[in-house]
Structures are given as C-alpha cells and as structure tokens.
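Peer 1: Below is a structure I'd like to ask you about.
The values are calculated or read from the model by the stated rules, or taken from the named source; none is laboratory data. It should be emphasised that the depicted structure is a prediction, and the values quoted were computed from it without experimental measurement. Neighbour counts are summed over all protein chains in view; Cβ atoms, including those assigned to glycine, are modelled from backbone coordinates with ideal geometry.
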Amino acid sequence: MVQAGYEESRKISYFQVDGNRLMTPAALLSDLQEAAINHSDVLGYSVEYLTQKQAGWAVLNWHLEVGRMPKLGETITIQTWCEKCRRMQAIRCFSVLDEKNEVILKGISRWIFMDLEKRKPTNISEEMVLRYHSGQDSAIPGEKFLMPKEGEGVAAVIRSLEITRRDMDTNGHANNVKYLEWAMDDVPDEIYDKMQLVDVRIVYRKECVRGAEIGIKTYIKMTDQGREVLTFITDKEQAVLAEVATLWG
C-alpha cells in the first residue's frame, strides 16, 4: 500500500466498457473520484460528515497520462495520495496499476475546499491539513495544469443540452465526470475507435446546476503528438464552464 496514502483494487465491469471492451474515460475518472472519496472516508472526512458541516471538495483540474486503458474483466489497483494540502486547496495524485503491478496511468488533480452554504471557498482546518498531507512525490512532477490554446477554425461539433437530475452530485452541481462524458460523445469514431487515448486535461471554471442550458463546441486538430480534441462547455451567456482536452496517438 502507498505510504500515507490509500489503495484499492477493483475489477472492470461490463457497464464500464465501450464497444472495444476497454474502460471508458468517464468510467475511469469515476473510479479515480471514488478512490479519492474512499480515502477521505478513511481519514475521517466522509461525505456524510462533510454534508453535516455544509462543506465539500470541488475539483478544479485533472491531468491524466494514459499508458493504456483497462480492459473488461481486468483487475486494476488504484493508488491515491495528497501531495499538498494547504489554505483552501489540495493536490491529489493517482497511479493505476494492472495485474502485473505495472503502472498504466498517472494522474494529478487540484481540489478546492468549499463552504456549500455560502458557495465559496473556505480554509482547510489544520487538523485536515495534517491528515491529508502525505509529503510524497507528485505523480506528474512540475505539473502546472496548463490547457491547450483555444479552438481554431470551425468547430467540428456544436450542440446543446439541459442539465438534469442524473448529472448532479451531493454538492448540488453537475458531477465533474459528466463533463468528460459529454466531451467523449463528440470525439469522432475514427479517432475514438482507431486511436489510443494518451492524455486528458480538464479545467472547471464555473459550476453548472440542474436545469441549466449548456452549449458544447468541439475542435479537432493535428499535433506532433497526435490528434487533439478540444471541447468547450459554456452557459447561455457563452461563459466557459469547463474545457476538456484529449490527445490521441
């Protein structure tokens, strides 16, 4: 087990895979999120505890470096630890190992601690800092959570949708995994089915609540590393709620 961190193993289920029998990116992100929640639970900060305190964690950024996606029936091990925890923010890292104990994914995320009643960031208590902070090395050293440049040319896909009950989480806004799920829906089949996902970057800029109408614009371009798919999720006033960038090689 990771020292000062948390580890759990799970078998990839049928409902988590796509037509290629590979775990979907949204299902993978959901499992990482679940491991983070379970780690907090072990530390004494369960969802129930935080709800009583009208507090909770909201993710600001994800960056995943993907060696390969897990397969149907495969058992993976997720390791997670808090690299930094101070003031209002925490940096949480991840490693995903296969049955041969080889790392198939490295991930890093940035979270902010929220006062849910005021809908504003609030300071993390010293007790929480001591429990969360591990002092371990980063999964992706030097991470700056930078995003690619804005979409260029004409968008390949433009659509809209309404946020419904199924999109919501306990913090009262659309769960962070949903944004990746929406973005994946607009990745062309010739990319999704024939290329390998190698990198995922997400930034969340504004929360999205039930009943909101959102717009989704997706741009595709060639890079030296492969095909980059960049998705902008906006509100009715065209303010950016989130950006999702995936790289396929």
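Peer 1: Considering only segment 69-92, how many residues are crowded, with 20+ Cβ neighbours inside 10 Å and not in a strand (DSSP E or B)?
Peer 2: Looking only at that region, the number is 2.
Peer 1: Would you point out which residue out of Lys194, Lys178 is of a type outside the set (Asp, Glu), under 20 Å from Val17 (Cα atoms), buried (at least 19 other Cβ atoms within 10 Å of the Cβ) and modelled with pLDDT of 95 or more?
Peer 2: Answer to the check: Lys178.
Peer 1: Say whether the condition of being free of Cβ contacts under 8 Å to residues at least 24 places away in the same chain, acidic (Asp, Glu) and more than 18 Å from Val240 (Cα to Cα) is met by at least one residue in segment 169-183.
Peer 2: Yes.
Peer 1: If you don't mind, there's one more thing I want to ask. Looking at segment 99-121 only, could you name the residues that are assigned to a loop (DSSP other than H, G, I, E, B) and surrounded by 16 or more Cβ atoms within 10 Å (Cβ to Cβ)?
Peer 2: Leu116
Peer 1: Looking only at segment 158-168, which residues are closer than 20 Å to Glu243 by Cβ and in a helix (DSSP H, G or I)?
Peer 2: Asp167
Peer 1: Looking only at segment 204-213, count every residue that is surrounded by fewer than 20 Cβ atoms within 10 Å (Cβ to Cβ) and either assigned to a strand (DSSP E or B) or not hydrophobic (A, V, I, L, M, F, W, C) (or both) and tell me the total.
Peer 2: 6
Peer 1: Mind listing whichever residues of segment 164-222 are more than 19 Å from Arg119 (Cα to Cα), among the basic types (Lys, Arg) and touching a helix residue (DSSP H, G or I) at 6+ places or on another chain (Cβ under 8 Å)?
Peer 2: Of everything in segment 164-222, just one residue is more than 19 Å from Arg119 (Cα to Cα), among the basic types (Lys, Arg) and touching a helix residue (DSSP H, G or I) at 6+ places or on another chain (Cβ under 8 Å), namely Lys178.
Peer 1: I'm trying to understand the selection: among the residues of segment 135-147, which are closer than 27 Å to Pro25 by Cα and either loosely packed, with under 12 Cβ neighbours inside 10 Å or touching a residue at least 60 places away in the same chain (Cβ under 8 Å) (or both)?
Peer 2: Within segment 135-147, Gln136, Asp137, Ile140, Pro141, Gly142, Glu143, Lys144, Phe145, Leu146, Met147 meet the criteria.
Peer 1: Please specify each residue of segment 34-68 satisfying the condition of being part of a helix (DSSP H, G or I) and touching a helix residue (DSSP H, G or I) at 6+ places or on another chain (Cβ under 6 Å).
Peer 2: Listed by number, the list holds a single entry, Leu43.
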